[in-house]
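Below is one structure, written out as structure tokens; comments come after it.
The values are calculated or read from the model by the stated rules, or taken from the named source; none is laboratory data. Just so it is clear, the structure is predicted and the values come from calculations on it, not from any experiment. Every residue, glycine as well, gets a Cβ built from its backbone with ideal geometry; the counts of neighbours run over all protein chains shown. We work out accessible area using only protein heavy atoms, side chains counted, and drop any ligands, DNA or RNA first. Shrake-Rupley method; radii C 1.70, N 1.55, O 1.52, S 1.80 Å.
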Amino acid sequence: MRLRFAPSPTGYLHIGNARTALFNYLLAKKHRGKFILRIEDTDIARSEKEFEKGIIEDLRWLGIDWDEGPEKGGDFGPYRQSERLKTYREFAERLLKQDKAYYCYCSKGELEQRNKELLARGESPRYDNRCRNLTKNQGIEYKLEGRRPVIRFKIPERMIEINDLIRGKVSFDTRLMGDFIIMKSDGTPTFNFAVVVDDILMRITTVIRGEDHLSNTPRHIMLFEALKAKIPEFAHMAMTLGPDGSRLSKRHGATSVREYRRLGMLPEAFFNYLALLGWGTKESQELFTKEELIKEFSLERCKEGAAIFDIEKLTWMNGLYIRKKEPEELVRLSLPYLKEKGLGGEEDYLRKIIVLERERIKKLSEVPELIEYFLVEKIKFDPEAVEKVLKRPEVKEILTSLKQELENLSDFSAGSLEKTIRNWTKNKDLKTKDVFHPLRVAITGRTVGPGLFETMEVLGKERVLKRLKGAERKC
RNA sequence: GGGGCGUUGGUCCAGCGGUUAAGACAGCGGGCUUUCAAUCCGCCAACAGGAGUUCAACUCUCCUACGCCCCGCCA
């Protein structure tokens, strides 16, 4: 079994494409087949090396690897379409010789004009095959005019039935289609031609791709047949949509894997979430390791309807994976985000902080904001907290008195702190929340956070006392 | 304009002729906590509409509506 993922490097790895790559990858692994990466960079104007690099990086980040591909190599390369132009020309030549394709001299402008007219008349916009039977002289004449021809494929008139692995039998009537272009006038192949030539040469057995290609599949099948090649199996997976049900685009926010990566999504979480989009098990299991997914995945269980990408659920799942991470690992992962905000600290200290804050982290990008008060000399005070908690009349005295109490405390562990402060509160005949709340605001600047005593322990005696002193001035 | 594919709560997804239509996210309420979070408990909420077929239809057929895709010298 040989499968492939064939992105165009015209942008970073899109979520929808990532999902296509994932499904291909899962099935290839499940059947111990080969997974091939092919770069479809025939659109010279829009393709960029930078995007190719980015896509490869993001796939690796996601934990998807391949057996054959650019750089990596393989027996059926090259794996970049821009390096296979000669092959496409040879195949086109073959079709031309067999009278299965022909030169078409119609200009873009003429084509556009005719389609417009057809549409205005309420007819279907499609090529009228007028260059099919051009005489030699007409061809020469056109060339003399300076026209650069394209090569079109001569469509045989018939019904084509696809047995799609996800949606079953689908049929098309080719009489409703016009002869389509296989080679552009600049000598490069069109997508529809290049995929077929490559899939033949790369011995692809199963094509899993987006539903947007379902309508192109009859064209591909005609080409496979014209080239006397074995037709692979097809599986067209439903689209990934934005929150409003329209095609996922920039206006919906982040659409590329790279953006989610920057936000601090974990690859394991992203991988897991993506697998659940358009696929599910009987048991409605939600959490899967990569190995489990490889074992469980099947095309029969793929949904036919489109799915909306839900950032909320992804975020929830990411939090779940974050909570499962070892503190050391989490510190390591958070470092770039801290650095970006100019924050840092001793590894040991950071680890203790992360242990306290871990269950509050949903995305790595939130870490700096979440733990900032542990790392800076001068903490920021939440104005509302100051107003509502610190400004209360009795607070100043409580803090001053408590500070004295803590100055004499040698064991600054959470347990000891809790015992001491609770006793102190009791002796002063105060309610715990009237002490705990101001204390929290005084040492963290906020009203929310991890356990108070754990926080104090991690901060350490010196910082706590200093902050209490600082807070008195805010009362 | 033609063709293709699809439609279960706000979202993901289970169900494959007979179920109180399950689970998850989100939302709401509650327990636990000094607070938030985590966690636990509970609640809200769906078969797009209409005709058939059938003793019985979310499940099968047809029509309609809506959405997405293709009809590009984009992929």
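List of remarks:
- For chain A, the per residue solvent-accessible surface stands at 51 Å², with DNA, RNA and ligands left out and a 1.4 Å probe.
- Overall shape: oblate for the stretch A:1-85, with the ratio a/c of the largest to smallest alpha carbon gyration tensor axis at 1.5 or above and b/c at least equal to a/b.
- Karplus-derived 3J(HN,Hα) values for the stretch A:55-65, using 6.51 cos²θ - 1.76 cosθ + 1.60 with θ = phi - 60°, are 4, 4, 4, 5, 5, 5, 4, 5, x, 9, 10 Hz; glycine and proline are entered as x.
- Between A:Gly178 and A:Tyr127, the built amide H atoms are under 5 Å apart, and every one of these is 5 or more places off in sequence or on another chain.
- Free-standing Cys residues across chain A, given no other cysteine C-beta under 4.7 angstrom: A:Cys106, A:Cys302, A:Cys475
- Net charge in the neighbourhood of A:Ile371 (other residues with Cβ under 11 Å of its Cβ; Lys, Arg +1, Asp, Glu -1) is 0.
- For A:Leu241, the residues whose amide H sits under 5 Å from its own are A:Ala307, A:Ile308, A:Phe309, ignoring neighbours fewer than 5 places away on the same chain, with H placed 1.01 Å from N.
- Degrees, to the nearest 10: A:395-407 long Cα axis against longest axis of chain A: 80 degrees
- When DSSP beta bridges are restricted to pairs lying wholly in chain A, around 55% turn out antiparallel.
- Phi to ³J(HN,Hα) by Karplus 6.51 cos²θ - 1.76 cosθ + 1.60 over the stretch A:3-11, Hz, x for Gly, Pro: 10, 8, 10, 10, x, 9, x, 9, x
- For chain A, dividing the convex hull volume of the Cα atoms by the residue count gives 199 Å³ per residue.
- Proximity of backbone amide H atoms, modeled 1.01 Å from N, is registered between A:Phe234 and A:Leu165, A:Val207 at under 5 Å, excluding neighbours fewer than 5 places apart on the same chain.
- Across the cross-link table entries A:Lys53/A:Lys325; A:Lys49/A:Lys154; A:Lys72/A:Lys108; A:Lys363/A:Lys428; A:Lys169/A:Lys228, which are compared at the Cα atoms, the separations over 32 Å belong to A:Lys49/A:Lys154; A:Lys72/A:Lys108; A:Lys363/A:Lys428.
- FRET efficiency for A:Leu201 and A:Arg60, using Cβ-Cβ distance with R0 set to 22 Å, rounded to 0.05: 0.30
- Using just its DSSP H runs of length 4 or more, each adding -39500 (n - 2.57), chain A gives a mean residue ellipticity at 222 nm of -14000 deg cm²/dmol after division by all residues.
- Length gained when the stretch A:Asp212-A:Asp186 is fully extended (0.36 nm per residue, less Cα-Cα span): 6.8 nm
- Apportionment of accessible area to carbon and sulfur, the stretch A:84-237, percent (1.4 Å): 49 percent
- Taken one residue at a time, the phi angles of the stretch A:99-111 give Karplus couplings (6.51, -1.76, 1.60, θ = phi - 60°) of 6, 9, 8, 8, 7, 10, 9, 4, 7, 3, x, 5, 4 Hz. Gly and Pro are set to x.
- Listed by chain and number, the aspartates and glutamates placed with their C-alpha closer than 16 angstrom to that of A:Lys230 are A:Glu161, A:Asp164, A:Asp198, A:Asp199; residues fewer than eight positions away on the same chain are left out.
- Taking GluC sites (Glu not before Pro) across the stretch A:307-402, the ones in a DSSP loop with at most 13 further Cβ atoms lying within 10 angstrom of their Cβ are A:Glu346, A:Glu377, A:Glu394.
- Expressed to the nearest 5 percent, the antiparallel share of DSSP beta bridges inside the stretch A:167-304 is 40 percent.
- Each Lys or Arg adds one and each Asp or Glu subtracts one; over the other residues with Cβ under 12 Å from the Cβ of A:Lys282, this totals -2.
- Against chain A, whose longest principal axis is taken from its Cα atoms, helix A:432-444 shows a tilt of about 60°.
- Cβ-derived FRET efficiency at R0 45 Å, A:Glu291 paired with A:Glu397, nearest 0.05: 0.15
- Global form of the stretch A:84-237, assessed from the alpha-carbon gyration tensor, a/c cut-off 1.5: oblate
- Once the Cα atoms are used to define both axes, helix A:191-201 deviates from the longest principal axis of chain A by about 90 degrees.
- Normalised contact order of chain A, rounded percent, pairs of Cα under 8 Å and 6 or more residues apart: 12 percent
- Pairwise inverse Cα distances across the stretch A:378-475, averaged and inverted, put the Kirkwood hydrodynamic radius at 13.1 Å.
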